[in-house]
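**Q** Take this structure first; my questions come after.
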Amino acid sequence: MLFDELLERKEIIICCGSGGVGKTTTAASIAIHAATRGQKVMVLTIDPAKRLANSLGLSELGNEERRVSPRKFAEAGIDPKGELYAMMLDTKRTFDELVAKHSLNDDMRDRILNNVLYKNISNAFAGSQEYMAMEKLFEIYSKGTCDLIVLDTPPTKHALDFLDAPRRMTAFLDGSVLKWFLKPYFSAGKAGIRMFQKSTAIILRTLEKVTGMSALKVASDFFISFEGMYDGFKERAEAVYELLRDSTTAFVLVTSPEDLTIEEAIYFHDKLVEYEMPFCGLIVNKVHTNLISDSEIASGIRPDNVEKLAQKIGAALGKTANEKKAMQAVAASLAKNLDNFRELAEIDMENISRLTERIDKETPVRIVPYFDTDVYDIEGLEWMNEYVFSSE
Amino acid sequence: MKKKHEALDIFERRLLIISGKGGVGKSTVCAALALAAARAGKQVLLIEMDERERISRLFGVPEVGYEGASVHRNIHLRNLQPMQVMDEFVAQQVSVKRIARQMVESQIYRYFVAAAPGLKEFVTLGKVMMLEAQKERNGKAKHDLIILDAPATGHGVAFLRVPFAAAETVKMGWIRKQADKIIDLITDPARTLLNIVTLPEEMPVNETVEMCQSVRELLGIPIGYIIINSVFPRVLGKRETALFNTMKERVEGNGLKKLTRTERRIAEIAFDCFETAQRRRELTEFYVSKLKRTLDYDFIQIPFIFSKSFDINLLEQVSTHMTEALEKEPRRHNAVR
């Protein structure tokens, strides 16, 4: 399958991978391409660089969709047949909205929103950003107003965090075990602790010592308030999980070719397969590509004698003996530089092949070269698309 | 000699925290810094805290795990996974082994660790503090220097903020005492320096600037060096570049007509390739100067390495660069800013 076909057949494209590999840029460029072709597209980003956010017309305010004005496309010389919308995820607000939605009444909602444990969870809890990215994706998808949603994912260190987030979070919110312990503990007061087995009592005392009494109280309050909401959350998380595995969804793995990053991409890929997620493509950014094409090498343009050639170049271009010598030195530096770049290209290809070896032959793999300028506006992103959507 | 000693003053600290976003080469910098310190005669304890070990791979040794292993002369590497630190902590608190095991395996415990945000990180920092205080029988510190590869969390300083948050919320008791002790250690410029690794690229530069601001304004942890990784080298000097331009003009004026077609094509590629390198260097310079303009700290630049995936030889190379940079640019700043 080609990347072009992905745009036609899929309704959701999830760009995943480690931090610093150009996920956000890749998501934006895929969305721009789809909009240019005529689709109504939404790109949901997490933490875009300032200039990219500006290019997409995103202000500091999160969670609001903004249409990327056709003027921005016109500036890049593109007349889009479709429409592009962009949104920046606000984790806390998405979580608050989810709580409001599932609360049985205002009192319940406020009790949770004001709970310290909830505030911590919704702000900084490991996995909450991933969970909310999925939640927002589900919300936008359910509205059904877009042909295609492109999701940029949080820079998760571990693939598992990301794929498990909805489930892990709901398992945590369930807290039935914790409730079972805490309810009698608080209803019976401190004396109630005697009702437990010795080991449980030790557990509780240790936790108290470490966290302070108030943490237990806060947790207990939280889980008691949350009780009525849990089913709604759980159902929703199950639906999100099903959506991720649905055939209308495509996971596109984004990576760069450095050794350690490739190791992480391999791990990520294996997890996607293990979780039966629809892995549909690989994009490798920032690749040093070979400057001399295979066909040129085949026709005898071999770079192994560049140093000798450098001598010839200097001799041919210099007008005096001194100049010839100086130019030979410059040409030798150029030759060394060419050699360095060739080595980089070789290393990158070696690293990439460690990953591609594990990938099914049908899956499209695209190599995007290292750009020697920053890519942040629509013109630059379209330029990147030449590599992603080329038919080769 | 005196100057050299001064230059390497960061190795006279007890704890070097290395921070930075994912993908900037933080682990490589940690490993190279450890080598440099070991070369300067220090017994180094190198700590990472990761589900998937990275540093052992750089040294070309099998995973070292929680207790760690010696990975090089004078370098002991440990992987302190927070959950394992937590379990060890429980085992120390609960003296009956059977109960400790029951507790660690119980669901309520897992919930609790998950529910108390920052608890794992807190206990891990506590462990680092304990390792810092370890003494040999003769009273000498067990480790001359601890290098900590701080976890790359979404927000750069989230990990380091934990003890401050704990001290704010808990007014008394064990947690508070522990938090105060950790804060004492990490805000003491005589003992601790925070070093931030970054790349000369847009996002990493912006994030580094933001990180320095929050460290200075919110935490008061002394900053040592800003380490700029992968600084693309300049291929030609000024005079050589002028000469290159003349050469290019002459090539365009058919100056290479005596060469074969193949030779001309390779020359063309070499000329293009230089211009690519030049643009990349300019971009690098732009971001390096942006960092230097915005941040009034000391910098170490690590050159971009044109070579195979990392092994110990390359690590040695990077660490030699680092030593040279440390000797050439001794820290101007010794006080907290």
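Where a number appears in this text, it was derived from the coordinates with a stated rule and is not lab data. As the structure is a prediction and not an experimental result, all values here were calculated from the model. Cβ placement follows ideal geometry from the backbone for every residue including glycine, while neighbour counts extend to all protein chains displayed.
**Q** Over the Cα atoms of segment A:304-351, what is the Rg over Rh ratio if Rh follows Kirkwood?
**A** In segment A:304-351, Rg relative to Rh is 1.18.
**Q** Evaluate the Debye formula for the protein assembly as shown with equal point scatterers sitting on the alpha carbons, no solvent, and hand back log10 of I(q)/I(0) at q = 0.11 Å⁻¹, in q order, two decimals.
**A** For the protein assembly as shown, the Cα-only Debye profile gives -1.30.
**Q** For chain B, take the longest principal axis of its alpha carbons; what is the angle in degrees between that and the long axis of helix B:82-93, to the nearest 10 within 0 to 90?
**A** Compared with the principal axis, the helix lies near 20 degrees.
**Q** What residues qualify as long-range amide H neighbours of B:Ile300, i.e. H under 5 Å apart, gap of 5 or more or another chain, H built at 1.01 Å from N?
**A** When sequence neighbours closer than 5 places are left aside, the close amide H contacts are B:Ile226, B:Ile227, B:Ile228.
**Q** I would also like to ask the following. Sorting check: for A:2-14, B:284-296, which peptide has the highest mean count of neighbouring beta carbons within 10 Å, and how do the rest follow?
**A** By packing density, highest mean first, the sequence is A:2-14, B:284-296.
**Q** Also: May I have the extent of the alpha carbons of segment B:200-337 along their three principal axes, as whole Å values ordered from largest to smallest?
**A** Ordered largest first, segment B:200-337 gives principal extents of 66, 33, 26 Å.
**Q** I would also like to ask the following. Once the Cβ-Cβ distance between A:Arg51 and A:Asp4 is put in as r, and R0 is 30 Å, what FRET efficiency do you end up with, to the nearest 0.05?
**A** The value I calculate is 0.60.
**Q** Given R₀ = 41 Å, FRET efficiency for B:Gln92-A:Thr289 by Cβ-Cβ distance, to 0.05?
**A** 0.15
**Q** How high is the FRET efficiency from A:Lys101 to B:Ala141, r the C-beta distance, R0 51 Å, rounded to 0.05?
**A** Computed FRET efficiency for A:Lys101 and B:Ala141: 0.35.
**Q** Still on this structure: Count the lysine pairs in segment B:60-217 whose Cα atoms lie under 30 Å apart, taking only pairs 8 or more positions apart in sequence or on different chains.
**A** Lysine pairs satisfying the spacing and distance rule in segment B:60-217 number 25.
**Q** For segment B:15-133, how big is the tail of P(r) above 18 Å, as a whole percent of Cα pairs?
**A** Counting every Cα pair in segment B:15-133, those more than 18 Å apart make up 57 percent.
**Q** Another one. Report the charge-dipole magnitude of chain B in Debye, nearest 20, computed about the Cα centre from +1 at each Lys and Arg Cβ and -1 at each Asp and Glu Cβ.
**A** For this selection, approximately 520 debye.
**Q** Modelled label-to-label distance, A:Val116 and B:Lys238, 7 Å Cα→beta-carbon offset: nm?
**A** So the two model labels end up 6.1 nm from each other.
**Q** What are the aspartates and glutamates whose alpha-carbon lies under 17 Å from the alpha-carbon of A:Lys234, with same-chain residues fewer than 8 places away excluded?
**A** A:Asp96, A:Glu97, A:Glu130, A:Glu135, A:Glu139, A:Asp164, A:Asp174, A:Glu242
**Q** Around A:Lys136, what is the net charge, scoring Lys/Arg as +1 and Asp/Glu as -1 over all other residues with Cβ under 13 Å from its Cβ?
**A** Neighbourhood net charge equals -4.
**Q** To continue, here is another question. Using +1 at the C-beta of Lys and Arg and -1 at the C-beta of Asp and Glu, which of A:Phe223, A:Ser55, B:Ala141 has the Cα lying farthest in the positive direction of the dipole of the protein assembly as shown?
**A** Farthest towards the positive pole: B:Ala141.
**Q** For segment B:68-203, what size does the Cα cloud have along each of its three principal axes, sorted from largest down, in whole Å?
**A** The Cα atoms of segment B:68-203 stretch 48, 43, 30 Å along their principal axes.
**Q** Please order B:Lys120, A:Lys324 by the number of other Cβ within 10 Å, starting at the fewest.
**A** A:Lys324, B:Lys120
**Q** Where does each of B:Ser230, B:Ser214 land when they are ranked from fewest to most other beta-carbon atoms within 10 angstrom?
**A** Lowest to highest Cβ neighbour count: B:Ser214, B:Ser230.
**Q** Structure shown: which of B:Lys248/B:Lys290; A:Lys119/A:Lys143; A:Lys10/A:Lys136 lie over 22 Å apart, alpha-carbon to alpha-carbon?
**A** From the list (B:Lys248/B:Lys290; A:Lys119/A:Lys143; A:Lys10/A:Lys136), the Cα-Cα distance tops 22 Å for B:Lys248/B:Lys290; A:Lys119/A:Lys143.
**Q** A further question on this structure: Going by how many other beta carbons lie within 10 Å of each one, how would you line up B:Met129, B:Met103, fewest first?
**A** Lowest count first: B:Met129, B:Met103.
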